[in-house]
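First the structure, in the form of structure tokens, and then the observations on it.
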Amino acid sequence: MSINKKVAVYIHWPYCRSKCPYCDFFKMVKKDVNQEQIIADYLKELDFYHDLIPDYQVRSVFFGGGTPSLIKPQNIEHILDYINRLWGLDGKAEISLEANPNSEYPEMFKKLKDAGINRLSLGVQALNDADLKFLGRTHNLAQALHSMEEVLKNFDNHSIDLIYARPEQTLNDWEKELRQAISFGFKHLSLYQLTIEEGTVFQKRGIKSLEEEQASQMYLYTVEALRKNGYLRYEVSNFARPGFESVHNKCYWLGDDYIGIGPSAHGRLSINKHHFAFEHPHIREELSSRERAEELVIMGLRLQNGINKQHFKDICGLELNSFINRHNKELLIKEQMLEETKDFLRATDKGFLVLDYLTLQLCL
């Protein structure tokens, strides 16, 4: 069998012990679920996609959620073995899992590693008890710190998530918290600005986002502070030591092929020069080249390197400068929000603060 294409696999585990008040993702709060039946359904979904793309190889698997650390390690191992039997896992495949700091069972992180996970992303979110409570997290600071130590002990590739621009948070508060986060030595940091989304508990309670100028100051400080400490921004909210960027998440931003398994999961596949969007369960929609191109602009501008013009053409078949609004592009370059080279179109530091505006102007 000739393998010349790679695919990423996202496994969505929607179940949580509780739902955080800022979360607008599809999640189900259940304490007990029939894991064996759910895993059996996942394997049937994998069979469906294997019938579509039998000759691919899997470059990455990402267990997201929800709280995928609730999955029993033996079930994680079963899924990975099944994926490997169907397609084969690349020898350097990145196998990621999102976990919460309050461990579900003794030696959880060691057992996750033994099951085949080689990259652990820990949802810390805040480094003080008051804000953890405000964010609705079920762990406290002591549990977070203990889990961080366990992750560092068990994994070579690791990441933590933090949320900043919390209501009433000051730049000084965030500077101290970020310095503490840096001090642990994680290889990757995902840092998300708190936004109040429609339909969330925060929105219903009338919680307001931090003032935009303050949030922007925090972001610009974050980028510079991390750069000085060896973390490079490779995507608007993601920072890594060189060589530790998330292989899986870059598939989304670059527009590469990926499949989604589980409730609310989605995927993108190019098959015989046709572009398809997939949604659970097996809902397939063919995308035009222009629809796919618009997605590539929206996602690609999130990357520090921006949109690779040749990669863009390879995927959607269109020249970038023929697709985008060139008049608006020149205005944005003049306003120092965009910069262009022979091979790339990318956002500047100023542009990263207004990515939605940039994509709107380019896709008009």
Between rounded, prolate and oblate, where does segment 188-298 land on the alpha carbon gyration tensor, with a ≥ b ≥ c its root eigenvalues, rounded for a/c under 1.5, else prolate if a/b exceeds b/c? oblate
Residue-normalised accessible area of segment 275-320, given per residue in Å² at a 1.4 Å probe: 51 Å²
Most mobile listed residue (Asn75, Asn325, Asn172) in the chain, GNM with C-alpha springs under 10 Å: Asn172
What residue among Val223, Val354, Val236 shows peak mean-square fluctuation when the chain is described by a Gaussian network model with Cα springs under 10 Å? Val354
Can you tell me the accessible area per residue over segment 173-274, all protein chains present, probe 1.4 angstrom, in square angstrom? 47 Å²
Surrounding net charge for Ser147, when Lys and Arg each add one and Asp and Glu each subtract one, Cβ distance under 13 Å: -3
Only Lys, Arg (+1) and Asp, Glu (-1) charged, at Cβ; the chain dipole about Cα centre in debye: 340 debye
Residue by residue through segment 290-299, what is 3J(HN,Hα) from phi via Karplus (6.51 cos²θ - 1.76 cosθ + 1.60, θ = phi - 60°)? Round to whole Hz and write x for glycine and proline. 6, 5, 5, 4, 4, 4, 5, 5, 4, 7
At a Förster radius of 45 Å, what calculated FRET efficiency corresponds to the Cβ-Cβ distance of His146 and Val201, to the nearest 0.05? 0.95
Length gained when the stretch Gln217-His280 is fully extended (0.36 nm per residue, less Cα-Cα span): 18.8 nm
Distance from the Cα centre of segment 80-131 to that of segment 210-224, in angstrom? 30 Å
About the Cα centre, and with charges only on the beta carbon of Lys, Arg (+1) and Asp, Glu (-1), how big is the dipole of segment 39-147? Nearest 20 debye, please. 320 debye
Given 0.36 nm per residue, what is the gain on full extension from Lys176 to Ala40 after removing their alpha carbon distance, in nm? 44.4 nm
Return the single residue from Gln203, Gln193, Gln125 with maximal mean-square fluctuation; model: Gaussian network over the chain, springs between Cα atoms under 10 Å. Gln203
List every residue whose amide H lies under 5 Å from the amide H of Leu232, counting only residues 5 or more places away in sequence or on a different chain, with H placed 1.01 Å from N in the peptide plane. Ala240, Arg241
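If you add up the charges near Leu232, with Lys and Arg at +1 and Asp and Glu at -1, over every other residue whose beta carbon is less than 15 angstrom from its beta carbon, what do you get? Don't skip to the answer; put the middle values down first.
On the way: positive: Lys187, Arg227, Lys228, Arg233, Arg241, Lys250, Arg302, Arg346; negative: Glu224, Glu235, Glu245, Asp349.
Around Leu232, the charge tally is +4.
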extent check for the chain: Cα max minus min per principal axis, descending, whole Å, gives 58, 56, 39
Principal axis lengths of segment 51-124 from Cα atoms, whole Å, largest first? 40, 21, 21
Just want the answer: with Cβ charges of +1 for Lys and Arg and -1 for Asp and Glu, which residue in Asn157, Val223, Leu296 is farthest toward the dipole's positive end in the chain? Asn157
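When only Cα pairs under 8 Å and 6 or more residues apart are kept, what is the percent relative contact order across segment 140-238? Numbers along the way, then the final one.
Values: 81 pairs, mean separation 31.4, N = 99.
With pairs under 8 Å counted, the relative contact order is 32 percent.
At most 15 other Cβ atoms within 10 Å plus a DSSP loop assignment makes a site exposed; report the longest stretch of the chain without any exposed GluC sites (Glu not before Pro).
212-318
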Per residue accessible area in Å² of segment 10-126, where ligands, DNA and RNA are left out and the probe is 1.4 Å: 42 Å²
Is it possible to state the helix-based mean residue ellipticity at 222 nm for the chain, with each DSSP H run of 4+ residues giving -39500 (n - 2.57), the sum divided by total residues, to the nearest 500 deg cm²/dmol? What is it? -12000 deg cm²/dmol
If I compute solvent accessible area with a 1.4 Å probe over the protein chains, what percent of it on the chain is carbon and sulfur? 48 percent
In whole angstrom, largest first, the equivalent ellipsoid semi-axes that the Cα gyration tensor gives for segment 212-364 are 27, 21, 14
Would you tell me the accessible area of Asp47, worked out with a 1.4 angstrom probe on the heavy atoms of the protein chains, in Å² to the nearest 10? 50 Å²
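The values are calculated or read from the model by the stated rules, or taken from the named source; none is laboratory data. Nothing here was measured: the structure is a model prediction, and the numbers come from that model. Using ideal geometry, Cβ is built from the backbone for each residue, glycine included, and neighbour counts are taken over all protein chains shown. Heads up: the accessible areas ignore ligands, DNA and RNA and are worked out on the full protein's heavy atoms, side chains in. Shrake-Rupley method; radii C 1.70, N 1.55, O 1.52, S 1.80 Å.
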